[in-house]
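What follows is one structure encoded as structure tokens, with my remarks underneath.
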Amino acid sequence: MNRPEATRIRLALADDQALVLKGLSALLVDLGFEVALESPDAERLIAALPQRPVDVIVSDIRMPGLGGIGLIRALRESGDATPVILLTTFDDSALMLAAIEAGAQGFLLKDAAPEDLHDAIDRVARGETLLQPVSLGPVRALLPAERSAGQPHLTEREASILKLVAGGYSNKEIGRVLHLSEGTVKNYISDLLVKLDCRDRTHAVMKAISQRLV
């Protein structure tokens, strides 16, 4: 169901392929979002944002010029915290890590189902971070192992929750899988962020992988 006009999430889109850009824009409008800005590259999107602020940016990761990762870095360096979801045709763990390091709130494959994209935008607009479901193996291989005497210990339940977060599950979905209330899952994740000294769930997953906690 579409949102009321006054509460629709405003989006900016960037993709260097015109047909992809127009198709994505039409899809997102059909899904109930407001597309306030379309751009064929990161540079023009950045220039237009001050006059047309949005709630979420959806950008291709590979474009001429800055590209999606450069877009995020430029925004963050200017103090613009608008959340960004990066889209890619490549299931590439190295790209995912680079996107996270730059400050991306979301990372999705372009073949994601429309409902997954809708959910991703909704979640990022609410302040969550997310990843397309990925195998922990390739990510673990790319991250150097970090072990220290003060390394936190995760309970079996906490490790299970982090694995599901890494799989792209929302709090509600994690609750269904583990037979917990959504509020209980939220409390677990809040405790995990404190235990791992991380600012968000994505960085908590990366830290847990690098320390071989999951």
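Output the relative contact order of the range 1-68, whole-number percent, from Cα pairs under 8 angstrom with separation of 6+ residues. List each step's numbers first, then the result.
Values: 110 pairs, mean separation 27.0, N = 68.
Computed value for the range 1-68: 40 percent relative contact order.
Using modelled amide H (1.01 Å from N, peptide plane; none on Pro or chain starts), what sits under 5 Å from the amide H of Ser39, excluding residues fewer than 5 places away?
Leu13, Ala14, Asp15
Starting from the Cα of Lys22, draw a straight line to each of the lysines and keep only those under 29 Å, dropping any in the same chain fewer than 8 residues away.
Those lysines meeting the cut-off are Lys110.
Modelling each spin label as a point 7 Å along the Cα-to-Cβ direction, I'd like the Arg73/Asp197 distance in nm, to one decimal.
Roughly 2.6 nm, to one decimal.
Order by neighbour count: Leu11, Leu95, Leu86, fewest other Cβ atoms within 10 Å first, most last. Spell out each step's value before the answer.
Values: Leu11 23, Leu95 17, Leu86 28.
Going from sparsest to densest Cβ surroundings: Leu95, Leu11, Leu86.
What distance in nm separates the two pseudo spin-label positions at Glu156 and Val20, each 7 Å out from Cα along the beta-carbon direction?
4.4 nm
Normalising by the residue count of the range 5-125, find the relative contact order in percent from Cα pairs under 8 Å and 6+ residues apart. Before the final figure, lay out each step's value.
Working: 197 pairs, mean separation 28.3, N = 121.
Once normalised by length, the contact order is 23 percent.
If we count other beta carbons within 10 Å of each Cβ, what is the order of Ser170, Ser190, fewest first?
Ordered by Cβ neighbours within 10 Å, fewest first: Ser190, Ser170.
Order these by the 10 Å Cβ neighbour count, fewest first: His118, His153.
His153, His118
For the range 5-125, rounded, prolate or oblate, judged on the Cα gyration tensor with a ≥ b ≥ c (square roots of eigenvalues), a/c < 1.5 rounded, else prolate if a/b > b/c?
It comes out rounded by the Cα gyration axes.
Since every read-out is calculated from the coordinates, none of them should be taken as a lab result. Predicted, not measured: the structure shown is a model, and the values here were computed from it. Note that we place each Cβ from the backbone using ideal geometry, even for glycine, and neighbour counts take in every protein chain shown.
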